[in-house]
Amino acid sequence: MAQRKPVRWHIVVFLAPAVLVYTALMIVPLFGTLNLSLFNLDETKTRLFVGLANFATLFGDPRWSGAFWNALANNAWFFLVHMLVQNPVGILLAALLSSPRLRFSAFYRTAIFIPTILSFVIVGFVWKLILSPIWGIAPGMLDAVGLKSLFAPWLGKEEYALTTLALISVWQFVGIPMMLIYAALLSIPDEVIEAAEMDGVTGWSQFWKIKLPLILPSIGIISILTFVGNFNAFDLIYVAQGALAGPNFATDILGTFLYRTFFGFQLQLGDPHMGATIATAMFGIILVGVCFYLFAIQTRLRRYQF
Amino acid sequence: MGTLNLTKVTKSFGATDVIKGVDLTVNDGEFCVFVGPSGCGKSTLLRMIAGLEDVSSGDVMIDGRRVNDVAPAKREIAMVFQSYALYPHLTVRDNMGLALKQAGVPKAEIAQATDKAAAMLSLDALMERRPAELSGGQRQRVAIGRAIVRRPKLFLFDEPLSNLDAALRVQTRIEIARLHRDLGATMIYVTHDQVEAMTLADRIVVLRAGRVEQVGAPMELYNNPANTFVAGFIGSPQMNFLNGEALGLRAATVGVRPEHLTLDRGAGKLVAKVSHLEKLGGETLVYVVNPTHGLITIRLFGEHEFAVDEEISLNYDENKLFFFDEDGQRLY
Ligand SMILES: Nc1ncnc2c1ncn2[C@@H]1O[C@H](COP(=O)(O)OP(=O)(O)O)[C@@H](O)[C@H]1O
Ligand SMILES: [Mg+2]
């Protein structure tokens with residue numbers, strides 16, 4: 001007697017709210033953007049399906065491609081600074097915080113995390129003020145310790161501006177890797193650490209040989225979060241340098257490039273179709289990065305159960 | 001070599017005194033078991049010996065050297081933890097070899113030492129696995145292997161069997177006893193299970209609330225307990241404590257072991273009602289209730305049948321009684 005299973009409606013009913021909300025807020029806009037990038041306006045301002053012509057323009061037209069590659073290279077540098085400074089410093093801070101001998105660790109933890117919850121408007125503006133050669137306190141402070149000669153208008157020089165902004169962003173967000181790594185370090189059982197103590201694996205060698213391998217999965221997660229966050233970054237640059245991402249586009253990243261193109265800025269007219277094209281390219285870059293992480297890196301990282 | 005001396009050792013966590021002055025000598029090659037109820041400070045005492053916990057006052061000496069301020073790794077001690085505490089990211093081989101590698105021992109020697117330990121514990125086939133791929137019993141053997149490889153002066157075990165099932169516990173217990181004979185090393189073993197203590201120990205240290213209640217060989221503690229605590233803790237099922245005055249004896253409390261009570265149809269010294277029966281095949285435990293003495297356990301050899309609420313009468317041999325004063329100290 002083959003009895004048919006009843007349709008399990010409750011699964012559909014319980015999934016529906018999440019699926020509907022996610023579809024309305026994420027899937028529809030995503031496909032809307034992808035779709036928009038395939039259209040453009042002709043001379044008579046009528047919408048026209050152009051296939052991949054917008055992408056040909058973006059990558060082929062020297063004016064567009066120059067700006068795009070500049071933004072991409074800047075963005076890559078922005079990401080690299082985070083990977084080389086923010087994450088190692090975050091790990092180091094977490095390692096120090098988890099040391100049982102450190103006093104006031106709750107205070108340090110909070111103090112380091114606070115910039116993360118500050119608005120980017122405040123962060124951008126405050127750092128602009130600090131670093132300003134005219135009314136900033138940085139020149140005065142350097143002068144006080146006799147290092148005035150080291151001062152430069154960091155945000156105003158093409159060669160320094162992007163790195164300076166990246167470091168400001170590092171200052172703001174270093175609390176996140178710190179917290180994640182701190183949590184990962186706390187999840188290592190005390191007895192494993194004590195066994196290492198008994199085995200003579202102490203201090204830094206304990207960190208390298210025992211703790212670091214056990215927190216690698218968390219470091220992987222942090223790397224991918226940093227990647228996605230950096231390639232979507234926009235706000236700090238916009239607040240500190242404006243949509244033109246000066247000086248001379250030295251701090252222009254994909255986010256600001258997209259903003260200028262999509263909405264227009266000063267004399268430049270907004271072009272939703274080219275904007276959508278850039279957004280699609282950004283989506284593709286992030287997708288490739290995330291896939292690379294998921295398939296090439298995460299599958300090789302072991303997660304440990306204690 | 002591996003002699004341990006504790007002199008007036010104490011430990012306080014803030015205002016709470018956990019270890020309240022312990023004096024103890026563990027001789028070279030001895031198997032010493034710390035036993036006591038949960039929370040009495042066994043682990044703390046063991047961790048103080050290991051160096052994982054600072055000593056508040058007193059001296060810890062290993063082979064005559066004061067080691068209070070010596071780092072754990074420098075004390076030549078190995079410890080086996082209750083949770084095994086294996087390194088999850090290392091293979092069995094690397095788990096066992098890490099201490100030697102850290103000490104800069106040549107690779108060939110490490111391989112030789114780990115192979116030898118693996119052979120002793122029949123871990124040969126598992127050497128390239130990681131802890132996650134092992135069963136509980138195998139993990140425990142790896143943890144023991146990790147301790148052996150270092151050739152320590154002193155082995156410390158903190159309730160190593162409590163995460164294993166009953167059959168495996170017996171098997172591993174035998175294995176540890178054999179290991180002790182083969183290595184001839186000094187071992188200190190912590191447990192709350194008096195059966196483990198009785199079966200493994202050369203000498204048992206009974207602890208209560210941070211104090212040593214009695215030290216002695218298992219049969220010494222069984223036949224000659226110093227107070228009601230030790231008398232009740234050693235031996236299973238627990239010793240019965242009867243009211244001495246009600247029995248017309250010159251002691252506040254009289255102890256009699258369940259195996260020393262006999263049934264006497266009609267003419268016993270005590271009358272009681274059967275309240276519960278546990279038939280274990282080889283032996284039968286009869287729980288009876290007497291209005292003045294409370295619950296009394298009787299251990300009978302072989303199979304017996306009683307009805308609940310049946311009245312039975314008990315007898316005991318006066319020579320097998322233990323007499324205690326009001327404070328629970330042994331009189332004679
Ligand atoms: N780090 C600590 N801080 C405060 N109290 C502790 C600490 N470690 C253990 N204790 C206390 O010391 C007592 C003995 O603990 P422990 O040695 O683990 O007992 P056990 O005999 O069960 O192994 C317990 O009451 C416990 O609460
Ligand atoms: Mg314990």
Task: For B:His89: the one exception among (1) closer than 20 Å to B:Leu200 by Cα; (2) surrounded by 14 or more Cβ atoms within 10 Å (Cβ to Cβ) - done: (1)
- [ ] Please enumerate the residues belonging to region B:13-55 that are more than 14 Å from chain A (Cβ to nearest Cβ), open to solvent by 40 Å² or more (accessible area, probe 1.4 Å) and more than 13 Å from ligand 2 (Cβ to nearest atom).
- [x] B:Gly14, B:Ala15, B:Thr16, B:Asp17, B:Lys20, B:Asp23, B:Thr25, B:Asn27, B:Asp28
- [ ] Answer yes or no: is there a residue in region B:56-72 that is within 14 Å of ligand 2 (Cβ to nearest atom) and within 14 Å of chain A (Cβ to nearest Cβ).
- [x] no
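Yes/no per residue for (1) surrounded by 19 or more Cβ atoms within 10 Å (Cβ to Cβ); (2) over 23 Å from B:Leu4 (Cβ atoms); (3) within 16 Å of ligand 2 (Cβ to nearest atom); (4) at pLDDT below 90:
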site	(1), (2), (3), (4)
B:Gly210	yes, no, yes, no
B:Ala251	yes, yes, no, yes
B:His260	no, yes, no, no
B:Lys269	no, yes, no, yes
B:His276	no, yes, no, no
B:Leu280	no, yes, no, no
B:Val286	yes, yes, no, no
Task: Counted residues, region B:139-189 - those being open to solvent by 50 Å² or more (accessible area, probe 1.4 Å), part of a loop (DSSP other than H, G, I, E, B) and more than 16 Å from ligand 1 (Cβ to nearest atom) - done: 3
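Restricting to helices (runs of 4 or more DSSP H) lying wholly in region A:23-111: which have 3 or more residues that are closer than 28 Å to A:Leu216 by Cα and within 25 Å of the chain's Cα centre (by Cα)?
On the way: elements: A:28-36, A:53-60, A:62-81, A:87-97.
Here the list reads A:62-81, A:87-97.
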- [ ] Could you list, in sequence order, all residues of region B:73-94 that are within 12 Å of chain A (Cβ to nearest Cβ) and of a type in the set (A, V, I, L, M)?
- [x] B:Ala73, B:Ile77, B:Ala78, B:Met79, B:Val80, B:Ala85, B:Leu86, B:Leu90
Task: Top-ranked residue of region A:200-227 - restricted to ones that are open to solvent by less than 20 Å² (accessible area, probe 1.4 Å) and within 19 Å of the chain's Cα centre (by Cα), ranked as farthest from the other protein chains (Cβ to nearest Cβ) - done: A:Thr226
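Quick check: anything in region B:111-133 of a type in the set (A, V, I, L, M) and within 10 Å of chain A (Cβ to nearest Cβ)?
The first filter runs over region B:111-133 and keeps only residues of a type in the set (A, V, I, L, M), leaving B:111, B:113, B:117-121, B:123, B:125-127, B:132.
So of that shortlist, the ones also within 10 Å of chain A (Cβ to nearest Cβ) come out as B:132.
Within region B:111-133, one or more residues are of a type in the set (A, V, I, L, M) and within 10 Å of chain A (Cβ to nearest Cβ).
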Task: Residue that is surrounded by 13 or more Cβ atoms within 10 Å (Cβ to Cβ) and at pLDDT 90 or above, where the choices are A:Leu20, A:Leu58, A:Leu93, A:Leu25 - done: A:Leu93
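List the strands (runs of 3 or more DSSP E) that sit entirely inside region B:30-138 and contain at least 2 residues that are in the same structural domain as B:Lys8 (by TED's automatic domain parsing) and over 25 Å from the mean Cα position of the chain (by Cα).
Values: elements: B:31-35, B:57-62, B:77-80.
Of the strands (runs of 3 or more DSSP E) lying wholly inside region B:30-138, none has at least 2 residues that are in the same structural domain as B:Lys8 (by TED's automatic domain parsing) and over 25 Å from the mean Cα position of the chain (by Cα).
Out of everything in region B:190-203 that is open to solvent by less than 20 Å² (accessible area, probe 1.4 Å) and assigned to a strand (DSSP E or B), what residue ends up being nearest to ligand 1 (Cβ to nearest atom)?
Within region B:190-203, the first condition is being open to solvent by less than 20 Å² (accessible area, probe 1.4 Å), and the residues that meet it are B:190-191, B:196-197, B:200-201.
Cutting the leftovers down to assigned to a strand (DSSP E or B) gives us B:190-191.
Working: B:Val190: 7, B:Thr191: 10 Å.
This residue is B:Val190.
The values are calculated or read from the model by the stated rules, or taken from the named source; none is laboratory data. Keep in mind the model is a prediction, meaning the values are calculated, not measured. Using ideal geometry, Cβ is built from the backbone for each residue, glycine included, and neighbour counts are taken over all protein chains shown. Heavy atoms of the whole protein, side chains included, go into the accessibility calculation; ligands, DNA and RNA do not. Shrake-Rupley method; radii C 1.70, N 1.55, O 1.52, S 1.80 Å.
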